[in-house]
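The structure under discussion appears below in the form of structure tokens.
The values are calculated or read from the model by the stated rules, or taken from the named source; none is laboratory data. These numbers were taken from a predicted model, which means no experiment stands behind them. Reconstructed Cβ throughout: ideal geometry from the backbone, glycine too, with neighbour counts over all protein chains shown. Keep in mind that these areas ignore ligands, DNA and RNA; they rest on the heavy atoms of the full protein, side chains included. Shrake-Rupley method; radii C 1.70, N 1.55, O 1.52, S 1.80 Å.
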Amino acid sequence: MQTSAALVADGEDIARARRLAADFLTRVQAEHGIPVSQRAMDLTQLVVSELVTNARKYAPGPVLLDLRITGSVVEVVVWDSDPVLPVARAADAGRVGQHGLEIVMAVSQGFEAQREPVGKRITARIALADDPAGAPHGRQPL
């Protein structure tokens, strides 16, 4: 199960990407019977929003968004034309803004950034279900 979109900088692309993610996960549940927790729905939209925002901010040109179900996770894949890989900044409680990558890494089950022949591809994986104790599937409570 997969869906993709090419996003253009028209001021609506971040909202469009969030809606695409919500619609995709809703279809996954309805059409394929795969449970998707509300937490997974919310975190997927957050990750999509952060990654597309960063791509818009730092890379000229189009942004490609792929969403796919792989086992018990949803993979959020964002491609942009800038070959510079993102680096999470050191924690700084006084810093205003620029926490998007830190947020994505904190809520994802897996994260990777790789250069492509043109640009880069960022992949974040989010568990679809929560365990009975309410902890994210596959991670230990903090």
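The candidates Lys57, Lys120, arranged from most to least accessible area with a 1.4 Å probe in the full protein assembly, appear as Lys57, Lys120. Under conditions of 25 °C and 0.890 mPa s, the stretch 1-124 yields 165 µm² s⁻¹ as its translational diffusion coefficient, taking Rh as the Kirkwood radius over Cα pairs in the Stokes-Einstein equation.
Carbon and sulfur together cover what percent of the accessible area of the chain at a 1.4 Å probe radius?
On the way: 4320 of 7580 Å².
Carbon and sulfur together cover 57 percent of it.
What dipole magnitude, in Debye to the nearest 20, does the chain give about its Cα centre under +1 on Lys/Arg Cβ and -1 on Asp/Glu Cβ? Each step should come with its number before you reach the end.
Values: 15 positive and 17 negative charges, 29 e Å.
Using only the charged Cβ atoms, the result is roughly 140 debye.
Relative contact order (percent) for the chain, with alpha-carbon contacts under 8 angstrom and 6 or more residues of separation? Reported as a whole number, the value is 25 percent.
Listed highest first by mean packing, meaning other Cβ atoms within 10 Å per residue, what order do 43-50, 70-77, 27-34 come in?
Details: 43-50: 22.2, 70-77: 18.5, 27-34: 12.4.
For the peptides 43-50, 70-77, 27-34, the packing ranking is 43-50, 70-77, 27-34.
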